[in-house]
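Read through the structure below, which is laid out as structure tokens, and then see the notes.
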Amino acid sequence: MYGEIEKLRIFVKRRPAELRKLKEEGKKIVGYLPGFVPEEILNSSGAVPIGWIRGGDPEPVSFSLRYVPRWIDTYCKAQIGYKDTEEEIYTLTDLLIVPVVDANMRGIGDVYDLYTDMDVFRTGYPHIDGGPAEKYYLTELRALVKKLEDFTGNTIHEEKLREEVNHHNEINKLMREISLMRRSDRVPITGREFAFLNHSSFIVEKNTLRENLESLVESLKGGEGAKKTEKRIFLIGSSIAMGDYKVYDLLKRSGAEVVIEDFPFGIRPYWEEVKINGDLIKAIAQKYLEKRIPSAFQRRSEKRIESLISLAKEFNVDGIVYYIPMYQDAYQTQFYYFEKILREELGMPILKLETDYDVMEIGPMETRIETFVETLEGG
Amino acid sequence: MAVAGVDVGAATAKVLILESGEILGYSITLTGADIKKSADKVMEQALQKAGLSKSDLKFTISTGYGRNFVDFADRSMSEILCHARGVKFLIPSVGSIIDIGGQDSKAIELEEDGRVCNFVMNDKCAAGTGRFLEVMANVLEVGSIDKIGPLALKSRNHARISNTCTIFAETEVVSLRAQGWNRIDLLAGIHDAIASRVVTMASGIRLKDDAVFTGGVAKNVAVKKALEEEMGKKLLVPDEPQITGALGAALRAEGFA
Amino acid sequence: MEELLKLFNFSEDEIKSEKDRIKRAFKKAGIDSADIERAKLNARKYLDLELEGMRKIYGIWVREFIDLVLAGEEGKKIVYGIYPTFPTATDALMVMSEDVYVTSPEVVLDNVYGTLFGKINRLLRAAEDHGMPPARAHCSLLQARLGAIELGVMPVPDLLLATGFFCDQAPEIDELIHRIYDVPVVYTDRCMVAGAGEWPDINEREDVYLSETIEEAFEETGKIIDHEITEGDKDRGAGFLVQAILAHNGLAEYKMDKDPCPISMLDSYNFAFLGCATAMRRAYENNEIIKAHEMLLLEMRERVEEGKGVVEEGAPRVAINIPNWVDPSLQYMQEKEIGLAVPISHYEYFIDKEIPIVTSMEGMSYERYAGRVMLAKGIFHSIDAFIDYTKDLVEAGNCDGFLWEYPFSCRPLAITPYMVKKVLEEEYGIPTLALEGDKYDSRFYSAEQQRTRLETFAEILRERKEKSWQ
């Protein structure tokens, strides 16, 4: 375990107390579902952003059943259920930004809107490419800017925005650098650790985060902690929450390791930076909309599937684990043809796992993972 | 002239004989596989206790899951309003009812005058019903289901059963037992689990005072305590909490007699 | 077969000239003599065949079903819209050319293959084996769409016109069909970002985006099916849609506050759906919808004058979202066995606030109009609007409560029941039953489970009515 990761763990633990203090000092806390909401804009408003990224526990899911029926994406149910827990990143939030990528996400906004005093702002994220989508997303981001300005009483100045863009570009660059190190057959960081790094990036104060990432990159380059990885896994899904590490642990127990992953909720879209050239908002819109691997929330699947196949080759994976919450229809539906295409193009085995954050899933999941890993060729 | 209420639930069948607002007698039996047979049997038993014969009955209303299979009933009516009526008779200050039966559970909200204004039901899932407790009593080899409540109350360290599904919870309990948890603490955890499930269901209504607990499971002191802790509210339990449906049906039968 | 067709006003001549075609269609759809017997029984028991207007309407549905099954053999370009659909878009495509066959097929299937013949489940099972597995709350309406293509009950189309302005599953399934069958898809898009307090105003950002995607979709569609969609086509299409809306709205307005309720919701809804859920050349070209409407209105008036209804006078009245459709025994249970009057539903009635939006293009582009027609509907606007719209509906229909029988597999609707119930009851004092069900799949919910809850709700409403009269 690297010292930096341990430090970040501590910072994550401390963050609620920090938020409480900031709130007492008059700061506004803006919660957001990370991945589709530009942090650059949130940070430049002077509000304190906090990612709603917890999950994996059964209790919030069972609390959520007071507000919604069970037939909702589990990760979204968890976000709803945290309302009734002591998790302060939820209860301290003043304004919630909900990217309406699907009806499940929209549900989170509706519940908090009705049952709490929290201010809820829904922001659209187009599901298709093309001129109208680009234009629309731009209007959405401008509306987000206005909302934040009204909410905080601060104007979002160009210079501040530029500063935040540079900062987050740097964070993403560092994350990318760390990620790409895993292409080697001696992988310096485990999948679980990498996931946690991403999770902490949505929680920890941004300068602290950056310092630790910079230091970590250096430590990783040293190569001391690198381990030869025989059974290399590509983990794909819609959301990987902070606290939902069971699949990582079970894979490890079976002798496999996640060397690359794709999750729009939970892992930063670190592949590209915001290219600062003229209109900053436009540049941010471009990065968040186009310059990333499309999620399965996007209607057309070609670009996404090609990107995933390319990534699988680049990272030399031996098998794919498709890990999704129950009732996540976009990812459920895509699995059917994704699996077929994968077999045709890569001849690679794929294991589908579904979760409702239920403790009893672990037993059957372990058996399936063990069996799957045994069938992999590798090493 | 006397009237009768017949409540045929999935687990038990109950008959209550009433005359001018006075309970003359009642009986409870297991429903089993033959609804008609058990309805006949429990009617006979209740009549015996009341010292009456069938011809003395002016009107009979059947309610509960098996209500449409009671040949001798003059009319069948659904059970929510029957329960409400029965409880209101026994405890006039009732504001809400939690009923946990053998295979279903309900939460009912009443107006001041006793009319039902809201209700929620769970009849799809065994968790949150008497069945859940039966399964667990079996797994832990406690013997009689009547014992589990007092045993559970003895625990000083409740086990946490995280599963919402009866089937998986059963496996979880077996696994916890193997890890060394003692039966009393496991029983306490099981009681917490059923209470939690029921309270989640009941969040669809307002739990107004006085909150009354009925159904066969209301005889279980540990479930009562767990519910009270979960709800933050005291629960009243009628002396015979299983007959409220049959009582309500009989009271409604008086309206037709 | 003849007997069945005659129930729906097929004339002797038509039966004679169409016999082979109909037989071919039935064979292709796997409809045998047992199914036909069942259809006759279902029709006689559940459909109000006393109403001449409804016999016409059911006849139109049956003819459309036959056209759908045989569309692949008749040399036309086939375009499938999807429900919830853009009737404006599909209507314009429909009028464009005789060589283009446009419909929202799952709606047609549910009504005829489902309600009448009781054969929907085989389509659902086929879909479950091919990409929409059970126990994942996949939309059963869309399972019918996929399953019907899998089993060859309906042809593989030349183009899918995907929506996604309200639900995600619809365009997701179209992408699945594209990947399996290599069918081109044209996507429209919108994000439901309207917040509390915005209704009845339409969110400008959503409106513009949706309309621009519709514009591009129209262009692409024209290229793929090799037919240009002219402004004339759009005008005519819009004209038909307005015709349909005014027709069913007019009927809804007439019957919704009458006691006893003169028409079952199953029938009334079938009429509304004809115009709004699917493009139907036949229904428009010979003014069939207008004729059916006029006939039905006359028949409703007669019933009202005679004090005749489908439920008794004074029965508790509930507004609903959409009725139980594919399994008509559930709607029958509600109205005939439990005695609930169901005078009005979300989908068949545009309230005052919406009518100017849906019937007038007001100098906007067709595409802008096409999007607004859908955004204007409360249920498609936001949860806030859904609630507000429901309250207006309950008032308009003089209802005692709202029966929110939500389809568990429809994600945008499945989020809402507890929230809708809470606000309707606490803020507006409207008793609401949140009843979990599935409109298109009869396998997941037993009538008995529904019966207990519905009976109780009916009794609660009756008692309230009695109390308010005291």
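With a 1.4 Å probe and every protein chain left in place, work out the accessible area per residue of chain A in Å², rounded to a whole number.
On a per-residue basis, chain A sits at 35 Å².
Where the centre of each part is set by its Cα atoms, how far does the range C:207-278 sit from the range B:116-146, in angstrom?
Going from one Cα centre to the other spans 50 Å.
At a threshold of 8 angstrom on Cα-Cα distance, excluding pairs fewer than six apart, so keeping six or more, what relative contact order does the range C:47-145 reach in percent?
23
Averaged over C:454-460, how many beta carbons belonging to a partner chain fall within 10 Å of each residue's beta carbon?
6
Give me the tail of P(r) for the range B:93-237 as a percent: Cα-Cα pairs with distance above 18 Å.
Every Cα pair in the range B:93-237 considered, those over 18 Å come to 52 percent.
Per the Debye formula with a single identical scatterer at each Cα and no solvent contribution, what log10 I(q)/I(0) holds for the range C:2-469 at q = 0.07, 0.12, 0.14 Å⁻¹?
-0.32, -1.05, -1.50
With everything on Cα atoms, drop me the angle between helix A:191-201 and the longest principal axis of chain A, reported from 0 to 90° to the nearest 10.
Computed tilt is about 0 degrees.
What does the charge add up to near C:LYS19, with Lys and Arg as +1, Asp and Glu as -1, over the other residues with Cβ less than 14 Å from its Cβ?
That sum, taken over residues with Cβ under 14 Å, equals 0.
Straight-line reach only, C-alpha to C-alpha below 20 angstrom: list the lysines that B:LYS88 could link to, leaving out same-chain residues fewer than 8 apart.
Cross-link targets: B:LYS14, B:LYS106, B:LYS208, B:LYS219, B:LYS224, B:LYS233, B:LYS234, C:LYS467.
Please give the average number of partner chain Cβ atoms lying within 10 Å of the Cβ of each residue in C:183-192, rounded to a whole number.
Counting Cβ atoms of other protein chains within 10 Å of each residue's Cβ and averaging gives 5.
How much of the accessible area of the range B:156-217, probe 1.4 Å, is carbon plus sulfur, in whole percent?
That fraction is 51 percent.
Counting only heavy atoms of protein chains, what accessible area per residue, in Å², does chain C have with a probe of 1.4 Å?
Accessible area per residue, chain C: 32 Å².
What are the principal axis extents of the Cα atoms in chain B, in Å, biggest first?
Sorted largest first, the three principal extents are 60, 38, 28 Å.
State, in square angstrom and to the nearest 100, the accessible area buried between chains A and C, both chains counted, probe radius 1.4 Å.
4400
Averaging over all projection directions, find the projected area of the Cα convex hull of chain A and quote it in nm² with one decimal place.
Its average projected convex-hull area is 17.5 nm².
Evaluate the Debye formula for the range A:205-270 with equal point scatterers sitting on the alpha carbons, no solvent, and hand back log10 of I(q)/I(0) at q = 0.18, 0.27, 0.29 Å⁻¹, in q order, two decimals.
-0.93, -1.15, -1.13
Would you mind working out the accessible area per residue for the range B:93-237, using a 1.4 Å probe, and quoting it in Å²?
Per residue, the range B:93-237 has an accessible area of 42 Å².
To the nearest 10 Å², what's A:LYS221's accessible area with a 1.4 Å probe?
About 120 Å², rounded to the nearest 10.
Using the alpha-carbon atoms, what tilt in degrees (0 to 90, nearest 10) does helix A:329-346 show relative to the longest principal axis of chain A?
40
Whole Å is fine, so just give me how far the alpha carbon centre of the range A:303-372 lies from that of the range B:82-107.
48
Could you tally the net charge around C:ILE415, taking each other residue with its Cβ under 14 Å from the Cβ of C:ILE415, Lys/Arg +1 and Asp/Glu -1?
That sum, taken over residues with Cβ under 14 Å, equals 0.
Name the shape class, rounded, prolate or oblate, that the alpha-carbon gyration tensor gives for the range A:13-154, where a ≥ b ≥ c are the square roots of its eigenvalues, rounded holds for a/c under 1.5, and otherwise prolate holds if a/b is larger than b/c and oblate otherwise.
Verdict is oblate for the range A:13-154.
Which angle between 0 and 90 degrees, to the nearest 10, do you get for helix A:362-374 versus the longest principal axis of chain A when only C-alpha atoms count?
On a 0 to 90 degree scale, this one is about 50.
What's the total accessible area buried between chains C and B, using a 1.4 Å probe, rounded to the nearest 100 Å²?
1700
Among the listed pairs A:LYS231/A:LYS313; A:LYS173/A:LYS352; A:LYS135/A:LYS291; A:LYS160/A:LYS282, give every one whose C-alpha distance is greater than 19 Å.
Over 19 Å apart, Cα to Cα: A:LYS173/A:LYS352.
Averaged across the residues of A:324-334, what count of C-beta atoms belonging to other chains lies within 10 Å of each residue's C-beta?
That average works out to 6.
Mind checking which lysines have their C-alpha under 24 Å from C:LYS45, skipping anything on the same chain fewer than 8 residues away?
Within the straight-line cut-off, C:LYS45 pairs with C:LYS6, C:LYS56, C:LYS119, C:LYS255, C:LYS258, C:LYS308, C:LYS336, C:LYS439.
From the helices alone, meaning DSSP H stretches of at least four residues, give me the mean residue ellipticity at 222 nm for chain B, per-run term -39500 (n - 2.57), in deg cm²/dmol to the nearest 500.
-12000 deg cm²/dmol, from helical runs alone.
How much net charge surrounds C:LEU246 when only other residues with a Cβ under 13 Å from its Cβ are counted (Lys, Arg +1; Asp, Glu -1)?
With Lys, Arg at +1 and Asp, Glu at -1, the net is -4.
Could you look at chain A and say what percent of its accessible area is carbon and sulfur, using a 1.4 Å probe and all protein chains?
Exposed carbon and sulfur together represent 47 percent of the surface.
Counting alpha carbon pairs within less than 8 Å and at least 6 residues apart, what relative contact order, in whole percent, applies to the range A:1-142?
That works out to 20 percent.
Report, to one decimal in Å, the Kirkwood hydrodynamic radius for the range A:239-301 based on all distinct Cα pairs.
14.1
Over chain B, with a Gaussian network built from C-alpha contacts below 10 Å, which listed residue (B:GLY216, B:GLY25, B:GLY232) shows the highest mean-square fluctuation?
Evaluated over chain B, the most mobile residue of the options is B:GLY232.
What whole-number distance in Å separates the alpha-carbon centres of the range B:153-197 and the range C:126-162?
43
Report, as a whole number in µm² per second, the diffusion coefficient that Stokes-Einstein gives for the protein assembly as shown at 10 °C and 1.306 mPa s using the Kirkwood radius over alpha carbon pairs.
50
Using a Gaussian network model of chain B whose springs link C-alpha atoms within less than 10 Å, name the residue from B:THR171, B:THR214, B:THR129 with the highest mean-square fluctuation.
B:THR171
Out of A:TYR82, A:TYR288, A:TYR115, any idea which swings most in a Gaussian network model of chain A, alpha carbons joined below 10 Å?
Among A:TYR82, A:TYR288, A:TYR115, the largest GNM mean-square fluctuation belongs to A:TYR115.
Counting only protein heavy atoms, probe 1.4 Å: which residues of the range A:104-125 lose 30 Å² or more of accessible surface in the full assembly compared with their chain by itself?
Listed in order, they are A:ARG106, A:ASP110, A:LEU114, A:TYR115, A:ARG122.
What value, in deg cm²/dmol to 500, does the helix sum -39500 (n - 2.57) over DSSP H runs of n ≥ 4 give at 222 nm once divided by the residues of chain A?
-16500 deg cm²/dmol
Suppose a student asked you for the relative contact order of chain C, using Cα pairs under 8 Å spaced at least 6 residues apart; what percent would you report?
17
The values are calculated or read from the model by the stated rules, or taken from the named source; none is laboratory data. This structure is a prediction, so every number in the text was calculated from the model and none was measured. We place every Cβ from the backbone using ideal geometry, glycine too, and count neighbours over all the protein chains shown. All accessible areas refer to the heavy atoms of the entire protein, side chains included, with ligands and DNA or RNA removed. Shrake-Rupley method; radii C 1.70, N 1.55, O 1.52, S 1.80 Å.
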